[in-house]
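The values are calculated or read from the model by the stated rules, or taken from the named source; none is laboratory data. Keep in mind that what you see is a predicted model, and the values were worked out from it rather than measured. For neighbour counting, all protein chains shown are included, and Cβ atoms are generated from backbone atoms with ideal geometry for every residue, glycine included. The area values use the complete protein model at the heavy-atom level, side chains included, leaving out ligands, DNA and RNA. Shrake-Rupley method; radii C 1.70, N 1.55, O 1.52, S 1.80 Å.
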Amino acid sequence: MVKSGYILAGFESLASILNNYMLGKNGRFYDNFTRDQISDFLGAICSGFLHSYGQNFAGKKRYKNYNKNEENVYNKCRSWGFFNSSNLIVDSGGFQISVGRLTRAESDLLGKMYYEWIENHHHVIERAFILDIPPGPNCEIFETFKDVYDLNLESYNRAKELPDNIRKKIIYIHHFRTPQLWKLYTKILREDDMFNSFQHHGTGGIVANMSSDMVIPCIIYVLPIIPLLNEAKRCGRDFLNFHILGGANFRDVTFYELFRKVVLEKHNIKLNITYDSSGLFKSLMIGRYLWVDHPDGYLQKMDLRTPNLNNMFSKFVRVHEQLQIVLDNFAGEMNFKKIKVDEIYDPKTGTFYEDVKVYSMLFMLWQWAEIQERSRKIADEIYPLYKSGEAGEFEIKCATLTRNLNSGKMTKKGVKKASSIKKSLDMLVQLDEDYCEELVKRFLAKDEFINLDHETELLPI
């Protein structure tokens with residue numbers, strides 16, 4: 001069993017860093033681990049590794065070799081031996097369209113070439129995201145919501161018509177984040193048995209709605225899960241594979257485990273939740289910090305900037321000493337050779353020594369698995385409180401959990417999140433889509449794309 005639902009976006013960068021490190025190109029590699037060890041490690045802790053097909057699509061003069069080059073990304077990374085036990089996944093790059101990085105001509109070409117790539121090169125991947133194109137900031141290819149509906153329906157039907165052996169790899173994306181998007185994507189979902197044509201589903205728009213987390217009375221991604229669960233029940237399925245695009249954080253992992261428990265118990269459906277983040281290593285390489293366990297029992301943000309290295313992390317340990325402890329423990333768990341981190345930054349480059357960087361990056365991936373395993377245990381402990389109707393005690397436990405994943409501090413957002421967990425579980429019991437739509441209209445209407453002509457009469461449900 002894979003230990004976490006975490007999927008690393010932009011995995012080709014990690015693969016290149018690992019390969020160069022093991023070849024000694026950046027120094028300080030002393031047979032610290034083998035390629036087989038890394039392959040076993042990555043396969044055991046992550047649910048997959050993601051690359052965006054369309055990330056380099058904008059502004060090219062020629063696309064003759066584009067699809068071949070995209071295949072080579074996967075072949076090269078596979079050849080390095082790091083992903084023998086891992087799922088490799090391709091994202092369409094529809095995000096590039098939604099934020100206005102592609103012209104209409106480039107967008108049309110991306111859609112044509114992406115599905116051609118999936119048909120001709122599907123052997124190098126285990127999963128592929130459908131080409132979903134919701135409107136976004138600066139998007140210029142839509143004039144009306146009818147345009148949004150037509151273009152997405154065309155793409156989704158293209159995916160639906162793929163041969164069975166390829167279609168089973170597709171991850172269908174159901175958007176929800178404004179009243180009009182709720183309406184049109186629900187219409188697409190319910191047309192021509194769209195749900196039943198795919199084995200994997202997911203949602204996007206989580207990051208776009210982060211500001212709404214403070215006002216909406218539930219965990220926001222419960223909203224798209226509910227119609228998908230209703231479709232699963234209609235189709236007689238006992239599972240729902242559900243991926244959350246972007247917005248992954250430690251706190252939410254325990255929510256996932258609670259959701260899995262209530263859905264299995266109340267609906268006899270196994271809810272398999274995966275989630276991704278493309279910015280994982282930015283916190284290390286740009287922010288210069290790691291989240292590590294504090295002796296007082298909470299997760300602490302540890303500042304690794306040079307002026308802070310001699311500061312006290314806890315009562316008896318300085319920051320640079322704590323980093324040594326953390327990476328020693330990690331290396332011991334994985335049977336990797338331990339490294340010395342008495343010197344963290346290379347004066348020649350002004351950044352981390354390569355071994356410190358690589359071990360810290362691998363530690364960050366391992367940490368997702370550790371958090372998820374802890375979350376399973378926590379969910380087992382506190383779910384009985386929800387079942388027995390002890391709402392007050394349940395919310396206290398949820399608030400404590402939220403605090404312990406935020407340097408022992410309780411923020412206003414953390415309090416709001418904790419108080420909305422019970423409501424979210426209630427919603428997953430009831431599966432009331434009308435109530436979900438009411439919440440979207442009440443709390444997410446402010447995010448509506450008012451520049452698009454609504455033409456609501458063209459979108460009956």
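Check the stretch 112-132 and report whether any residue there is surrounded by 19 or more Cβ atoms within 10 Å (Cβ to Cβ) and among the hydroxyl-bearing types (Ser, Thr, Tyr).
Scanning the stretch 112-132, I find at least one residue that is surrounded by 19 or more Cβ atoms within 10 Å (Cβ to Cβ) and among the hydroxyl-bearing types (Ser, Thr, Tyr), so the answer is yes.
State whether one or more residues within the stretch 42-65 are in a strand (DSSP E or B), polar (S, T, N, Q) and out of contact with any Leu (no Cβ under 7 Å at 6 or more places or on another chain).
yes
Scan the stretch 220-250 for residues that are hydrophobic (A, V, I, L, M, F, W, C) and either open to solvent by 10 Å² or more (accessible area, probe 1.4 Å) or farther than 21 Å from GLN372 by Cβ (or both) and jot them down.
The answer is LEU223, ILE226, LEU228, LEU229, ALA232, CYS235, PHE239, LEU245, ALA248, PHE250.
Run down VAL341, VAL326 and say which single residue is touching a helix residue (DSSP H, G or I) at 6+ places or on another chain (Cβ under 6 Å), at negative phi and surrounded by 15 or more Cβ atoms within 10 Å (Cβ to Cβ).
One residue alone meets the criteria, VAL341.
Answer yes or no: is there a residue in the stretch 292-307 that is among the aromatic types (Phe, Trp, Tyr) and either surrounded by fewer than 19 Cβ atoms within 10 Å (Cβ to Cβ) or out of contact with any strand residue (DSSP E or B) (no Cβ under 9 Å at 6 or more places or on another chain) (or both).
Taking the stretch 292-307 first, the residues among the aromatic types (Phe, Trp, Tyr) are 298.
If we keep only those that are either surrounded by fewer than 19 Cβ atoms within 10 Å (Cβ to Cβ) or out of contact with any strand residue (DSSP E or B) (no Cβ under 9 Å at 6 or more places or on another chain) (or both) too, we end up with 298.
Scanning the stretch 292-307 turns up at least one residue that is among the aromatic types (Phe, Trp, Tyr) and either surrounded by fewer than 19 Cβ atoms within 10 Å (Cβ to Cβ) or out of contact with any strand residue (DSSP E or B) (no Cβ under 9 Å at 6 or more places or on another chain) (or both).
State the number of residues belonging to the stretch 8-48 that are of a type in the set (A, V, I, L, M), closer than 21 Å to VAL253 by Cα and open to solvent by less than 10 Å² (accessible area, probe 1.4 Å). Outline the logic, then answer.
Initial filter on the stretch 8-48 (of a type in the set (A, V, I, L, M)): 8-9, 14-15, 17-18, 22-23, 38, 42, 44-45.
Checking which are closer than 21 Å to VAL253 by Cα leaves us with 8-9, 42, 44-45.
Imposing the further condition that a residue be open to solvent by less than 10 Å² (accessible area, probe 1.4 Å) reduces the set to 8, 42, 45.
Matching residues across the stretch 8-48 total 3.
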